[in-house]
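Values in this text are rule-based calculations from the coordinates and carry no lab data. Small disclaimer: the values here were computed from a predicted structure and weren't measured. In this analysis, Cβ positions are derived from the backbone assuming ideal geometry, glycine residues included, and neighbour counts consider all displayed protein chains.
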Amino acid sequence: MVENSESAGKGSRGARIKRNLLIAAAVIAVGVIAFFIRYETRGKYYEGTNDAYIQADAITISPKVGGYVEQVYVVDNQDVKAGDPLVRIDPRDYRAQASQYQAQIDVAAANADNVRAMIGEQEAAIAQARAQLAVSVSDANYANSQVERYAPLAAAGAETQEKLTTLRSQATQANNNVAAQRATVLSAERRIASLKAQIRQAEAQGEAARAQLAAANVNVGSTILRAGVAGRIGDKTVRSGQFVQPATRLMSLVPLSTLYITANFKETQIGLMRVGQPASIHVDALDGVDLAGHVESISPGTGAQFSLLPPQNATGNFTKIVQRVPVRIAIDAGPQVRKLLVPGLSVTVDVDTIAAKGEMDRLAEQEEARRKAGK
């Protein structure tokens, strides 16, 4: 009886184990099928990479003019707004230069006014010369009329030839005087044109000085370096009292509001990747926080093509290596999270490419149809 009960117990345990194994196998099979279905419908369209880093288009702050640094308004890691002053260079030399050009403008204006006054005087001289010309013409007309009057009388013997000769001499002098007065009037009128040319020359000198003054004022304004965008100061090397040359790097300004991610995907992963597709972002520094983003642009070449020494595979030393294509990912995160992000942080990116599902098949069909049509 005892042996029969032990045998029955062992048989029931074996049946339970067998049933549990069958249940476990069924669960595993269902899980595998569900995983396969999910992978075929969604999973295989997710392309991920951990070769990704946060980046920002950092701005190098450099002076346009040289001089001694008078004051530094910021410190390392300070947040600044657009338009905030960063560095002040001693402006005295540039202000003196601007004053010099202003003096040249004043001199040119004074010269122009002086010539205008001379034109007024010349116009009065022209009026006087014209009046003298009128008197000379009147005298000449009288002298000529006298000659015409006495010529018949002298011919008839009523007047002496000596008298006629005297009248003719006077008429000749009067006519010569008219010619001289006309030349004087013409010379005075031409002098007006010369003076007007001098005015234009003075005005041109004034315009040149004003242009130089504008450039000098730009240099004066350039002695204060301001932030072009909002961001954070980094890698500051400038000190008060330091002499700086134009284009010397003084600090960097990182615009944290425009951070983005450069994700380097394998060339086998970008076939269905398109601009605008959603992306899931995990930042190593923010454990447990997943961020949203989207594909902003795709590089026009692989990273190797933009390297300092691009590979020359035609040399014969060829080894096939899977290339990486940089993809720019925009970060769709709130301001609180953005404050915690800095360029250089490592991230993991997964892009959902399901929006381009079936596009490869369509491309293959189009190319097949084109090939057949070409035949």
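Structure summary
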{"item": "Lysines whose Cα lies under 21 Å from that of K236, excluding same-chain neighbours fewer than 8 positions away", "result": "K64, K81, K339"}
{"item": "Spatial separation of Cα centroids for the range 43-105 and the range 254-332, in angstrom", "result": "29 Å"}
{"item": "Phi-based couplings in Hz for the range 251-257 (Karplus 6.51, -1.76, 1.60; Gly and Pro marked x)", "result": "6, 10, 10, 9, x, 5, 6"}
{"item": "V229 long-range amide H proximity, modeled H, under 5 Å", "result": "G83"}
{"item": "Highest-MSF residue in the chain out of G303, G157, G293 [GNM, Cα springs under 10 Å]", "result": "G157"}
{"item": "Three-way shape call for the range 271-375 based on the alpha-carbon gyration tensor, with the a/c threshold at 1.5", "result": "oblate"}
{"item": "Length released on extending from A109 to A151, taking residue separation times 0.36 nm less the Cα-Cα span", "result": "8.9 nm"}
{"item": "Charge dipole (the chain, unit charges on Cβ, about Cα centre) - positive-most of A211, A179, Y150", "result": "A211"}
{"item": "GNM flexibility winner over the chain from G31, G276, G301 (Cα, springs under 10 Å)", "result": "G31"}
{"item": "Low-density loop cleavage sites - trypsin sites (Lys or Arg not before Pro) in the range 296-371, where at most 15 other Cβ are within 10 Å (DSSP)", "result": "K320, K339, K357"}
{"item": "Top of I17, I33, I54 by mean-square fluctuation, Gaussian network on the chain, Cα under 10 Å", "result": "I17"}
{"item": "Set of lysines with alpha-carbon distance to K372 below 30 Å, sequence-local pairs under 8 removed", "result": "K357"}
{"item": "Given charges at beta-carbon only (K, R positive; D, E negative), |dipole| of the chain in Debye", "result": "900 debye"}
{"item": "The range 297-375 - charge dipole about Cα centre, Lys and Arg +1 at Cβ, Asp and Glu -1, debye rounded to 20", "result": "220 debye"}
{"item": "MRE, 222 nm, helices only [DSSP H, n ≥ 4, -39500 (n - 2.57), over the chain, to nearest 500]", "result": "-18000 deg cm²/dmol"}
{"item": "Calculated FRET efficiency for the pair T165/K64, C-beta based, R₀ 51 Å, to 0.05", "result": "0.05"}
{"item": "Environment charge at A25 (Cβ cut-off 12 Å; Lys +1, Arg +1, Asp -1, Glu -1)", "result": "+2"}
{"item": "Shape box of the range 23-137 [Cα atoms, principal axes, largest first, Å]", "result": "139, 46, 19"}
{"item": "Whole-number Å³ per residue for the convex hull built on Cα positions in the range 263-303", "result": "91 Å³"}
{"item": "Loop-resident sites, the range 233-267, for trypsin sites (Lys or Arg not before Pro), counting at most 16 other Cβ within 10 Å (DSSP)", "result": "R239, R249"}
